[in-house]
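Chemist: Could you have a look at this structure, given as structure tokens, before my questions?
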Amino acid sequence: MKKVFLSAITALLLFSCQNDQSESAGSETSALSRRACATQDVLEAQLKADPTLAIRMNQIEAFTNEQIIKGFSGRLVNGKIEIPVVVNVLYRTTAENISNTQIQSQIDVLNKDFNALNSDFNSVPTLFSGVKANVGITFVLDQVIRKSTTKSSWGTRDAMKKPNQGGIAPTSPTTKLNLWSCTIGGGILGYAQFPGGSSATDGVVIDPKYFGVSGSANAPYNLGRTGTHEVGHWMNLRHIWGDATCGSDLVSDTPTHNTANYGVPAYPHYSTCSGTPVEMTMNYMDYTDDAGMYMFSNGQKSRMAAIFVSGGPRAAFGI
Ligand SMILES: [Zn+2]
């Protein structure tokens, strides 16, 4: 479901309404039997700390809608966007010092999932086959930066991105996607910063247990889809349930979901929201297990593509 016209005031109301929802969602996700992503909580904290962020994000929303309405032809159409990726590894234990092989496995998963090359792409039900997307963005490993630490967990307040808190500052964040691999704690698998935030904290954080293809010990989050989900946020995608009961993800071709789905839901799973649509539980922006998510929609592709257009918040990438 899509809200085409978002004024600054409605955006602020939307964010404040989401607050209660995501906090209640966060409190039930301490056990790793359920996926937990802190992106929305981090956004709400940033909005409180910086009132101008809502205005910038609202401008990005207006720009995105303008591009979609006028049927823009982004550089993504020809698959021209290639994103250099810097991986920042913060480790205390040997297990946290993830191997270059594990790092490359995450890059490989991103390249498959964003180019419809994932082996489960053909598992998308016929109902959604008309909207399943080949996003057409590729990723290339630029460099790996490693730093040992005495911290056992880093939380969700961006300490891992700040050298004065023991972290690693992002490298060239306006032209490179920075990933941090570090133990987050609190049952959080990862979090991302949306377009519009400060470049000093821009990028994606993924716990090393869920970074790339990480082995059966980390099942059901061992197939690299935490990375795909978080990079989706970094490219301006919201959770498919809109972080509210029957909420909006600002995308027109995704069904309205009641709330997050977990595990690997049986198909079809019906929403009880208006129109009782079949939910797109296999979308990367839901909360299912890694094996349960295997598609973006064309509407999500348009949102992602718009941020790279000239004038968009990530236009410097891929040039
Ligand atoms: Zn998320």
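Chemist: So which residues in the stretch 99-155 are of a type in the set (Val, Ile, Thr), within 20 Å of Thr175 (Cα to Cα) and either assigned to a loop (DSSP other than H, G, I, E, B) or without any contact (Cβ under 8 Å) to a residue 12 or more places away in the chain (or both)?
Modeler: Going through the stretch 99-155, the residues of a type in the set (Val, Ile, Thr) turn out to be 101, 103, 107, 109, 124, 126, 131, 135, 137-138, 140, 144-145, 149-150.
Pick out the ones that are also within 20 Å of Thr175 (Cα to Cα) and you get 103, 107, 135, 137-138, 140, 144-145.
Across the stretch 99-155, the qualifying residues are Val135, Ile137.
Chemist: Within the bounds of the stretch 278-300, is there any residue that is of a type in the set (Val, Ile, Thr), open to solvent by less than 40 Å² (accessible area, probe 1.4 Å) and in a loop (DSSP other than H, G, I, E, B)?
Modeler: For the stretch 278-300, residues of a type in the set (Val, Ile, Thr), open to solvent by less than 40 Å² (accessible area, probe 1.4 Å) and in a loop (DSSP other than H, G, I, E, B): present.
Chemist: What is the residue count in the stretch 239-257 for residues that are in contact with a Lys or Arg (Cβ under 9 Å, 6 or more places away or on another chain) and either near the ligand (Cβ under 10 Å from one of its atoms) or among the hydrophobic types (A, V, I, L, M, F, W, C) (or both)?
Modeler: Adding up the residues that qualify gives 2.
Conditions (1) within 17 Å of Thr39 (Cβ to Cβ); (2) away from the ligand (no atom under 13 Å from the Cβ); (3) among the basic types (Lys, Arg); (4) at pLDDT 95 or above, marked per residue:
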residue: Asn164; (1), (2), (3), (4): no, yes, no, yes
residue: Asp202; (1), (2), (3), (4): yes, yes, no, yes
residue: Lys209; (1), (2), (3), (4): no, yes, yes, yes
residue: Arg225; (1), (2), (3), (4): yes, no, yes, yes
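Chemist: Restricting to the stretch 177-199, name every residue that is away from the ligand (no atom under 16 Å from the Cβ), part of a loop (DSSP other than H, G, I, E, B) and farther than 19 Å from Lys147 by Cα.
Modeler: Answer for the stretch 177-199, where residues must be away from the ligand (no atom under 16 Å from the Cβ), part of a loop (DSSP other than H, G, I, E, B) and farther than 19 Å from Lys147 by Cα: Gly196, Ser198.
Chemist: Right, another one. Being among the aliphatic types (A, V, I, L, M), touching a residue at least 60 places away in the same chain (Cβ under 8 Å) and open to solvent by 30 Å² or more (accessible area, probe 1.4 Å), is that true of even one residue in the stretch 222-240?
Modeler: Scanning the stretch 222-240, I find at least one residue that is among the aliphatic types (A, V, I, L, M), touching a residue at least 60 places away in the same chain (Cβ under 8 Å) and open to solvent by 30 Å² or more (accessible area, probe 1.4 Å), so the answer is yes.
Chemist: Quick one: would you say Asn58 is over 18 Å from Gly224 (Cβ atoms), in contact (Cβ under 8 Å) with a residue 40 or more places away in the chain and either surrounded by 16 or more Cβ atoms within 10 Å (Cβ to Cβ) or among the hydroxyl-bearing types (Ser, Thr, Tyr) (or both)?
Modeler: Against the criterion (over 18 Å from Gly224 (Cβ atoms), in contact (Cβ under 8 Å) with a residue 40 or more places away in the chain and either surrounded by 16 or more Cβ atoms within 10 Å (Cβ to Cβ) or among the hydroxyl-bearing types (Ser, Thr, Tyr) (or both)), Asn58 qualifies.
Chemist: Does the stretch 294-312 include one or more residues that are away from the ligand (no atom under 16 Å from the Cβ) and either at positive phi or without any contact (Cβ under 8 Å) to a residue 40 or more places away in the chain (or both)?
Modeler: Within the stretch 294-312, one or more residues are away from the ligand (no atom under 16 Å from the Cβ) and either at positive phi or without any contact (Cβ under 8 Å) to a residue 40 or more places away in the chain (or both).
Chemist: So Thr126 clears everything in (1) closer than 18 Å to Val89 by Cα; (2) open to solvent by 30 Å² or more (accessible area, probe 1.4 Å) except one condition, right? Which one?
Modeler: Evaluating Thr126 over (1) closer than 18 Å to Val89 by Cα; (2) open to solvent by 30 Å² or more (accessible area, probe 1.4 Å) leaves (1) as the failure.
Yes/no matrix, rows are residues, columns are (1) under 21 Å from the mean Cα position of the chain (by Cα); (2) open to solvent by 90 Å² or more (accessible area, probe 1.4 Å); (3) within 16 Å of the ligand (Cβ to nearest atom); (4) at pLDDT 50 or above:
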| position | (1), (2), (3), (4) |
| --- | --- |
| Ala11 | yes, no, no, no |
| Gln18 | yes, no, yes, no |
| Glu23 | yes, yes, yes, no |
| Gly26 | yes, no, yes, no |
| Leu43 | yes, no, yes, yes |
| Gln46 | yes, no, yes, yes |
| Thr52 | no, no, no, yes |
| Ile83 | yes, no, no, yes |
| Val86 | yes, no, no, yes |
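Chemist: For the stretch 204-241, give me each residue that is assigned to a loop (DSSP other than H, G, I, E, B) and over 13 Å from the mean Cα position of the chain (by Cα). Break it down stepwise before answering.
Modeler: Step one: list which residues in the stretch 204-241 are assigned to a loop (DSSP other than H, G, I, E, B), which gives 207, 211-212, 214-215, 219-222, 224, 235-241.
The answer is Asp207, Phe211, Gly212, Ser214, Gly215, Ala219, Pro220, Tyr221, Asn222, Trp241.
The values are calculated or read from the model by the stated rules, or taken from the named source; none is laboratory data. These figures come from a predicted structure and were not determined experimentally. Cβ coordinates were reconstructed from backbone atoms using ideal geometry, including for glycine residues, and neighbour counts include every protein chain displayed. These accessible areas exclude ligands, DNA and RNA; they are computed on the full protein's heavy atoms, side chains included. Shrake-Rupley method; radii C 1.70, N 1.55, O 1.52, S 1.80 Å.
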